[in-house]
Amino acid sequence: MRSAADLEDASDKHPVTPGSIVPARELLGDMLLEANQPAEALAEYERSLNAAPNRFHGLAGAAAAAEGAGDAAKARLYREKLVQVAAADSDRPASSTTIGASADANGGKLSIYLSGVAVLMSLMSLGLALRRSS
């Protein structure tokens, strides 16, 4: 998988396609995270995010990998970025059932209310906790 990711990195995007559906390097991060190698997974997610910034799955994977690797600061950074990206893509108004998430941005307080992101992050944390207990 690593050689496939390297090959994809070295090749130009085909002019007819918008790009890779899921970057190979992101898939490598998924595989490493699943293999309980969070530090290596984080490095691959970060390389993928350099090439394809603001990919929701890449940010979510980087947050989970950082948490698994014990890097709480990076985990928080990627979760905050995930909330910002989701908010920018969302056209749904906030409702009474949404869960709040806050992030500091440029010295000001940015409050964003998204239920989907909060649920996703809870599921990811639960998955890490279950993996640790088994």
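The values are calculated or read from the model by the stated rules, or taken from the named source; none is laboratory data. The shown structure was predicted, so the numbers you read here are calculated from the model rather than taken from an experiment. Glycine also receives a Cβ, built like all others from the backbone with ideal geometry; neighbour counts cover every protein chain displayed.
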- [ ] Mind telling me which of the residues 52, 35 ends up being under 22 Å from residue 4 (Cβ atoms), out of contact with any Asp or Glu (no Cβ under 8 Å at 6 or more places or on another chain) and either modelled with pLDDT of 95 or more or among the aliphatic types (A, V, I, L, M) (or both)?
- [x] 35
Open item on the list: Restricting to segment 58-70, name every residue that is free of Cβ contacts under 8 Å to residues at least 40 places away in the same chain and buried (at least 18 other Cβ atoms within 10 Å of the Cβ).
Closed with: 58, 59, 61, 62, 65, 66, 69
Open item on the list: Which residue is modelled with the lowest pLDDT, if the candidates are limited to segment 3-27 and must be of a type in the set (Val, Ile, Thr) and exposed (fewer than 13 other Cβ atoms within 10 Å of the Cβ)?
Closed with: 16
